[in-house]
Amino acid sequence: MSVFRELFELVFAHRQVAAVVEVGVESGQVSAVYADLGATVYCVEPNPDERLREFLSAHPRLNLVEGTSPEILGELPAADLYVLDGDHNYAVVRRELAWIMEHAPDAVVVLHDVLWPCGRRDFYYQPSPLPPSDVHDSTRDGPTVWHDEVTPAGFVGDGAYTVATHAGGERNGVLTAVEDALADDGAGWRFEIVPAVFGFGVLARDGVPGTAELFAALRPYTSSALLAAMENNRIGLYTRVLQLQYEARTHADDANRLAETIAAQQREIERLRGELDRANAEIATRRHELQGLRDELARRSAPSRAAPPELGTAVTQLGRAISARVRRDPDSR
Ligand SMILES: C[S@@+](CC[C@H](N)C(=O)[O-])C[C@H]1O[C@@H](n2cnc3c(N)ncnc32)[C@H](O)[C@@H]1O
């Protein structure tokens, strides 16, 4: 919201603002703007992280209030400016406005997110303290301007918040809460919207000094068709970027899964190669052993193949000896 500094400068220029209650702080970036403009700031945040604590404690005019709105509002000093940017749903905003209109009727109220996507659709910070009767059917998917259905490629909370499944209808959205507050208790109150960066709403009671001048100073913004057209264009492009980011993440996940599959297959190929190498080494050993056995067999069978010539020689010699004897002694036959 620090982008709205020039609008806050107009508020401070036309109204006495000594104390600000800032509902929904997150980083504390905007809190410093109010302090810079001279106010003491009560920074209401249910979930301050360490960085926010350090940031706020370093600044003497910024006071961390750890709690939830609207319950905490009655425990704080009355403020001249309430900036509502906490839980963006009908039930909470409606009660915040009811409390402020009753207890701080001279204050200026600034509401962020009075246009798309929260204007006609509840968002619920998680875990939500709201009773089920205050919560519409909700989802972790998010809206987009490209179609009516919520989608994981839309304006999603990534666990920080859920959103009403359907937009529109009764008791749904921040702008609906403002309209109902005005209809029920808003006699003499005036509400204008600067159609930029999700919608900057300004609510103040006519007749309080500086109110008419403030709305006159805001008029170039609140009546600007150019701003409204640029906001519509910005949201179109923004939701398209959200969709592309979602697709890029999905493709990156697919690519990671594919890379893991390829790596696993490569490991399997390496394992099979190792097995193949071991099998080839085993075959080589067995071949070598086989060759050894063949050689051994050949070596062992060599004498038996030489026997016939030796036997032949003996037979020949025996034949010759018998012939010689017969010749010497013919009667021995
Ligand atoms: C959109 S962020 C506020 C951004 C901040 N105003 C800025 O412009 O930087 C909404 C914050 O409201 C806080 N929050 C949620 N529910 C709340 C509640 N009931 N009361 C006060 N703060 C709340 C969330 O923790 C979150 O930090």
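Tabulated values for the structure
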read-out: Filter result for the condition that a residue is closer than 14 Å to G119 by Cβ, out of contact with any strand residue (DSSP E or B) (no Cβ under 6 Å at 6 or more places or on another chain) and without any contact (Cβ under 8 Å) to a residue 12 or more places away in the chain, over N232, N256; value: N232
read-out: Candidate set from segment 11-29 (those that are assigned to a helix (DSSP H, G or I) and buried (at least 20 other Cβ atoms within 10 Å of the Cβ)); member that is nearest to the ligand (Cβ to nearest atom); value: V11
read-out: Positions within segment 201-227 being under 16 Å from L10 (Cα atoms), without any contact (Cβ under 8 Å) to a residue 60 or more places away in the chain and outside any loop (DSSP other than H, G, I, E, B), in sequence order; value: A212, F215, A216, R219, P220, T222
read-out: Criterion (out of contact with any Lys or Arg (no Cβ under 9 Å at 6 or more places or on another chain), modelled with pLDDT under 95 and either among the basic types (K, R) or not in a helix (DSSP H, G or I) (or both)) met by exactly one of R278, R273, R299; value: R299
read-out: Members of segment 73-87 found to be over 17 Å from V17 (Cβ atoms), small (G, A, S) and in a loop (DSSP other than H, G, I, E, B), listed by number; value: G86
read-out: Count - residues of segment 88-113 that are assigned to a helix (DSSP H, G or I), in contact (Cβ under 8 Å) with a residue 60 or more places away in the chain and over 24 Å from A164 (Cα atoms); value: 2
read-out: Every residue from segment 51-63 that is farther than 14 Å from E26 by Cβ and over 28 Å from the mean Cα position of the chain (by Cα); value: S57, A58, H59, P60, R61, N63
read-out: Selection status of G236, surrounded by fewer than 19 Cβ atoms within 10 Å (Cβ to Cβ), out of contact with any helix residue (DSSP H, G or I) (no Cβ under 8 Å at 6 or more places or on another chain) and at positive phi; value: no
read-out: Conditions (1) more than 16 Å from the ligand (Cβ to nearest atom); (2) within 26 Å of the chain's Cα centre (by Cα); (3) buried (at least 18 other Cβ atoms within 10 Å of the Cβ); number of the one not met by M101; value: (2)
read-out: Given (1) surrounded by fewer than 24 Cβ atoms within 10 Å (Cβ to Cβ); (2) among the polar types (S, T, N, Q); (3) within 14 Å of the ligand (Cβ to nearest atom), index of the condition N89 fails; value: (1)
read-out: Pair list, Cβ under 8 Å, 6 or more apart: segment 25-46 residue in contact (Cβ under 8 Å) with a residue 40 or more places away in the chain, other residue basic (K, R); value: A39/R61
read-out: Of all residues in segment 104-122 being within 14 Å of the ligand (Cβ to nearest atom) and of a type outside the set (A, V, I, L, M), the one that is farthest from the chain's Cα centre (by Cα); value: H112
read-out: Filtered residues of segment 64-85 (kept if within 14 Å of the ligand (Cβ to nearest atom), surrounded by fewer than 23 Cβ atoms within 10 Å (Cβ to Cβ) and closer than 23 Å to G28 by Cβ); value: L64, V65, E66, G67, T68, P70, E71, I72, E75, L76, D85
read-out: Residues (more than 18 Å from E170 (Cα to Cα) and surrounded by fewer than 17 Cβ atoms within 10 Å (Cβ to Cβ)) located in segment 124-138; value: Q126, P127, P129
read-out: So S57, is it small (G, A, S) and under 26 Å from L175 (Cα atoms); value: no
read-out: Search result, residues across segment 143-200 that are surrounded by fewer than 18 Cβ atoms within 10 Å (Cβ to Cβ), over 25 Å from the mean Cα position of the chain (by Cα) and not in a strand (DSSP E or B); value: G168, G169, E170, R171, E179, L182, A183, D184, D185, G186, A187, G188
read-out: Residues located in segment 30-63, provided they are more than 9 Å from the ligand (Cβ to nearest atom), assigned to a loop (DSSP other than H, G, I, E, B) and within 25 Å of L10 (Cα to Cα); value: L37, G38, A39, H59, P60, R61
read-out: Conditions (1) exposed (fewer than 12 other Cβ atoms within 10 Å of the Cβ); (2) without any contact (Cβ under 8 Å) to a residue 40 or more places away in the chain; number of the one not met by E247; value: (2)
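The values are calculated or read from the model by the stated rules, or taken from the named source; none is laboratory data. Not measured: the values here are computed from a predicted model. Virtual Cβ from ideal backbone geometry, glycine too; neighbours counted across all protein chains shown.
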